[in-house]
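Comments concern the structure below.
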Amino acid sequence: MIKAGIIGATGYAGGELVRLLLSHKNAEIKWFGSKSYIDKKYAEVYRNMFCLVQDKCLDDNLMELAGQVDVIFTATPQGYLASVLTEDVLSRVKIIDLSADYRIKDVSVYEKWYQIEHKSPQFLKEAVYGLCEVNREQIKGARLVANPGCYTTCSILAAYPLVKEGLIDTDTLVIDAKSGTSGAGRGAKLANLFCEVNENIKAYGVAEHRHTPEIEEQLSYAAQKEVLVSFTPHLVPMNRGILVTEYAKLKEVVREDGTKGVPSYEMVRKAYEKYYADEAFVRILEKDACPETKWVEGSNFVDLGFKIDDRTGRVIMMGALDNLVKGAAGQAVQNMNLLFGEQETEGLFFAPLFP
């Protein structure tokens, strides 16, 4: 039985971790960490856990927790884990961090985009970026996993096969993304009040959203050259969900019939199938079908689709996922399964919610 501790258990991602781990047959939660609710019953914070969780919330003492569990999930704000992580802690326990502290390898890039000093850059080299469909083998032997962001997971998975196979001009890559309000966390913020969000859609973080360097770094590995993207996120009035629509110019190739031109539908689909055909949580939609957030809600699935625009020579890549599951807690549990030799789908293979 995997003993798990959660720091930040009363945030949205932390609450989702609790929900998922309760149904995992080989895991048990030993520590519900929440500095804001110390000694309060967890089920009083989240009433959906009434009669399911009897524990009280504990503090965020990482060292004490490391001596009691096999894995720690840190669903905490940026900068927390980097400020408290030590070699002593990592020698005792595996850590899956849901913040951005160890996602970006270049500490100067992290500090520029997040506007905080990184307190433990010595661990950046060994941290493994926890995108399971791309880094599965590296994750298995890791001590420290940097769980990817929600926008980034969807954006990277949608473009990865075409970038990896050199089918698109990465200099033309534009990403338009939309997220439900839970992506902003559970803290009270004026911009997230009902009257501010309802009946409204808005762009934010234009040309400066901090998930941008994360997307660029991972796609640069795939392309084996520097990739810069135009990334614009939007806030939409729904609880959950990420929808990305990406645009890029297709490169000229030799088609199956020997003619030159943009890749055919079949060539693009084969690229997606090459990387995702055996992936349990990636669903490649049928021709002309577009991903929708309602068909992945509450699940660890990501739905991908694409459309070739012969008129402009571009491809439109699309993806949808639940930002709290595959975009956060579900991916973290998927990483845990890899770390401990569990079946990767354990605790995660269930149908999306509808309606």
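The values are calculated or read from the model by the stated rules, or taken from the named source; none is laboratory data. Keep in mind that what you see is a predicted model, and the values were worked out from it rather than measured. Reconstructed Cβ throughout: ideal geometry from the backbone, glycine too, with neighbour counts over all protein chains shown.
Annotations for the structure displayed:
- Restricting attention to the range 47-59, the residues that are in a loop (DSSP other than H, G, I, E, B) and either buried (at least 20 other Cβ atoms within 10 Å of the Cβ) or aliphatic (A, V, I, L, M) (or both) add up to 3.
- Every residue from the range 227-252 that is more than 19 Å from residue 180 (Cβ to Cβ), of a type in the set (A, V, I, L, M) and surrounded by 16 or more Cβ atoms within 10 Å (Cβ to Cβ): 227, 229, 248, 250
- Residues satisfying the stated conditions in the range 69-121, i.e. of a type in the set (Asp, Glu) and not in a loop (DSSP other than H, G, I, E, B): 87, 88, 97, 111
- Yes/no for residue 67 being out of contact with any helix residue (DSSP H, G or I) (no Cβ under 7 Å at 6 or more places or on another chain), under 21 Å from residue 97 (Cβ atoms), in the same structural domain as residue 95 (by TED's automatic domain parsing) and buried (at least 21 other Cβ atoms within 10 Å of the Cβ): no
- Top-ranked residue of the range 1-38 - restricted to ones that are closer than 11 Å to residue 57 by Cβ and surrounded by fewer than 17 Cβ atoms within 10 Å (Cβ to Cβ), ranked as farthest from the chain's Cα centre (by Cα): 38
- Complete set of residues in the range 125-142 that are crowded, with 17+ Cβ neighbours inside 10 Å and in contact with a helix residue (DSSP H, G or I) (Cβ under 6 Å, 6 or more places away or on another chain): 128, 129, 130, 132, 139
- Boolean, residue 307 is assigned to a strand (DSSP E or B), surrounded by fewer than 18 Cβ atoms within 10 Å (Cβ to Cβ) and of a type outside the set (A, V, I, L, M, F, W, C): yes
- Top-ranked residue in the range 164-201 [being surrounded by fewer than 24 Cβ atoms within 10 Å (Cβ to Cβ) and among the β-branched types (Val, Ile, Thr); ranked as farthest from residue 222 (Cα to Cα)]: 197
- From the options 159, 177, residue that is among the hydrophobic types (A, V, I, L, M, F, W, C), within 16 Å of residue 240 (Cα to Cα), in contact with a helix residue (DSSP H, G or I) (Cβ under 8 Å, 6 or more places away or on another chain) and at pLDDT 95 or above: 177
- Just so you know, in the range 271-289 the residues that are in a loop (DSSP other than H, G, I, E, B) and within 22 Å of the chain's Cα centre (by Cα) include one that is surrounded by the most Cβ atoms within 10 Å (Cβ to Cβ), and it is 281.
- Residue match in the range 11-33 (condition: in contact with a Ser or Thr (Cβ under 6 Å, 6 or more places away or on another chain) and either more than 21 Å from residue 145 (Cβ to Cβ) or assigned to a loop (DSSP other than H, G, I, E, B) (or both)): no
- Residue check for residue 315: under 18 Å from residue 238 (Cβ atoms) and surrounded by 21 or more Cβ atoms within 10 Å (Cβ to Cβ): no
- Inspection of the range 103-126 finds a residue satisfying the criterion of being touching a Ser or Thr at 6+ places or on another chain (Cβ under 6 Å), of a type outside the set (Val, Ile, Thr) and over 16 Å from residue 218 (Cβ atoms).
- When 99, 91, 83 are checked against the criterion of being assigned by TED's automatic domain parsing to the domain that holds residue 121, of a type in the set (Ser, Thr, Tyr) and either touching a Phe, Trp or Tyr at 6+ places or on another chain (Cβ under 9 Å) or modelled with pLDDT under 95 (or both), a single residue qualifies: 99.
- Residue 15 being within 28 Å of residue 181 (Cβ to Cβ) and at pLDDT 95 or above: yes
One line per residue, one yes/no per condition, for (1) in contact with a Ser or Thr (Cβ under 9 Å, 6 or more places away or on another chain); (2) more than 23 Å from residue 23 (Cβ to Cβ); (3) touching a residue at least 60 places away in the same chain (Cβ under 8 Å):
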position	(1), (2), (3)
289	no, yes, no
292	no, yes, no
317	yes, yes, yes
339	no, no, yes
